[in-house]
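Working notes for the structure below.
The values are calculated or read from the model by the stated rules, or taken from the named source; none is laboratory data. These numbers were taken from a predicted model, which means no experiment stands behind them. In this analysis, Cβ positions are derived from the backbone assuming ideal geometry, glycine residues included, and neighbour counts consider all displayed protein chains.
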Ligand code: UDP
Ligand code: MN
C-alpha cells in the first residue's frame, strides 16, 4: 500500500495533477468489452470472423506443439496477423541480467520473430539470444523523463520502418500471453485508428496546455506503459509528424511528462482519438494476487515488480521454481499457461513454504487519487 502511494507520488512529481472528474463507471463506455466488434472485425476474412464469434475458452486454448516460430497459436488466430504484430519491450543495461532472462525463457519463445528489445547499451549475448532483436537506442540509461521518451521515440520510429500493422509496447517486467494479445487485436482493423490500453488513473489527467494561447487546461486519458498498450498502423502513421527525427522527445520536453503520458497527450489531445480500455492488460500498479487463476488464460499482460514490505507482487500461480530461479514467477506462470513448454519438463509444484500473512491489498480502482 505504502509503495503504491510512493509510485503515485513519483508520477505526481513529474508535474501533473490527477483530477477524478469521471467515475470508473464513466470510463466503461470506452471499454473494449462494450465496443461493437461486428463493425471492426477484419471483414475480409469471414472464416476468422465466424471463429471469433463462436470461440469458447475451450476452443481457443492454445496448443503448444513446439516452442519458437512453430508455436500453434490456436484456431482463432490467423498467422497473417501474428506476423504483422510488432512487440517492443523497453529495457535498460542493469535489467539485461535481472529481467531479460525471465522473458527469454518464457513468453519470448511464443513469438521470437515479433519481439524487439529497446535498450541503452550493447550486449552481444542478449543480441545473439534474441536473434539480433536487441536495439541499442543511444538513449541515456536512466529513469528520467528524457531517457524514457527517447526510448519510446525509438520504438515508434522502428515500428514505422517495419511496415507491420500493429505496434504493442511492454515494459521488461511484463509477462505477455502473445496468443491472447493477437486474438484481441483480431477484433480491430489496423487500417483504422486504434489506441488500446489500460489507464491506472480513475479519471483523465488535467494539465495546462503549454501549446495553448492563451493558456488553457486540457484533459486526456493515457494508457499505463507498464500494463502494455497497442497502436494501429493507421494511428502511428498519423503520429509520425510528432515522432520522426526525435520530435516525440521534444514534445515530452514541452509538456514535461513521461512517455506514456506524452503518448496520451499526443493521441487524445493533438490527434483527437480516444483510448479504448482493454481490461486484460495488467501493470504492477495492481495487485497481481487479485487476478483469479481461473481467469488467467484470458489475460493479455501480467506484471511483477512492485513490492510491499513483506511480499512480492506476483501472480499467485503454483510455484514450480524457487524464488532464486524465478524471481518474478514468470516461469511458473508460463508453465501454468503453457504446460508443454520445455522449461516445465519434470517440474512439479514446490512444497509450500511458511509465508508471512497476506497484507491488506487495495485494488487500484478503489484508491482515491485526489
Ligand atoms: N527503465 C529504463 N531505464 C532506467 C530504468 C528503467 O529504461 O533507468 C525501464 C525498465 O526497463 C522498464 C521501465 O523503464 O521497462 C519501467 O521501469 P521499472 O519497472 O524499473 O519502474 P516502474 O516505473 O515500473 O516503477
Ligand atoms: Mn515496473
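Just checking, does segment 177-196 include any residue being within 16 Å of ligand 2 (Cβ to nearest atom), closer than 20 Å to residue 296 by Cβ and in contact (Cβ under 8 Å) with a residue 24 or more places away in the chain? No, because not a single residue in segment 177-196 is within 16 Å of ligand 2 (Cβ to nearest atom), closer than 20 Å to residue 296 by Cβ and in contact (Cβ under 8 Å) with a residue 24 or more places away in the chain.
Pairs meeting the criteria (first residue in segment 274-296 and touching a residue at least 40 places away in the same chain (Cβ under 8 Å) and farther than 24 Å from residue 318 by Cα, second residue within 14 Å of ligand 1 (Cβ to nearest atom) and outside any loop (DSSP other than H, G, I, E, B), beta carbons under 9 Å, at least 6 apart or on different chains) are 275/229; 278/227; 278/229.
Tell me yes or no: at least one residue of segment 268-282 is within 16 Å of ligand 1 (Cβ to nearest atom), crowded, with 23+ Cβ neighbours inside 10 Å and modelled with pLDDT of 95 or more. Yes, segment 268-282 contains a residue that is within 16 Å of ligand 1 (Cβ to nearest atom), crowded, with 23+ Cβ neighbours inside 10 Å and modelled with pLDDT of 95 or more. Residues that are more than 16 Å from ligand 2 (Cβ to nearest atom), touching a strand residue (DSSP E or B) at 6+ places or on another chain (Cβ under 8 Å) and part of a helix (DSSP H, G or I) are absent from segment 130-153 altogether. In segment 177-282, counting only helices (runs of 4 or more DSSP H) that sit wholly within it, the ones holding 2 or more residues that are under 18 Å from the mean Cα position of the chain (by Cα) and under 30 Å from residue 336 (Cα atoms) span 178-185. The residue of segment 120-132 that is nearest to residue 246 (Cα to Cα), among those that are within 16 Å of ligand 1 (Cβ to nearest atom) and surrounded by 14 or more Cβ atoms within 10 Å (Cβ to Cβ), is 120.
Please tell me if residue 245 is within 22 Å of residue 202 (Cβ to Cβ), surrounded by fewer than 19 Cβ atoms within 10 Å (Cβ to Cβ), more than 16 Å from ligand 1 (Cβ to nearest atom) and modelled with pLDDT of 95 or more. Judged against the criteria, residue 245 is not a match. Condition (residue is within 14 Å of ligand 1 (Cβ to nearest atom) and at negative phi) applied to segment 183-197: is it met by at least one residue? No: zero hits. So, residue 135, is that one within 17 Å of residue 267 (Cα to Cα) and either surrounded by fewer than 23 Cβ atoms within 10 Å (Cβ to Cβ) or away from ligand 1 (no atom under 16 Å from the Cβ) (or both) or not? When the stated conditions are applied, residue 135 does not pass them.
Report whether or not residue 206 is surrounded by fewer than 18 Cβ atoms within 10 Å (Cβ to Cβ) and more than 16 Å from ligand 2 (Cβ to nearest atom). Criteria met by residue 206.
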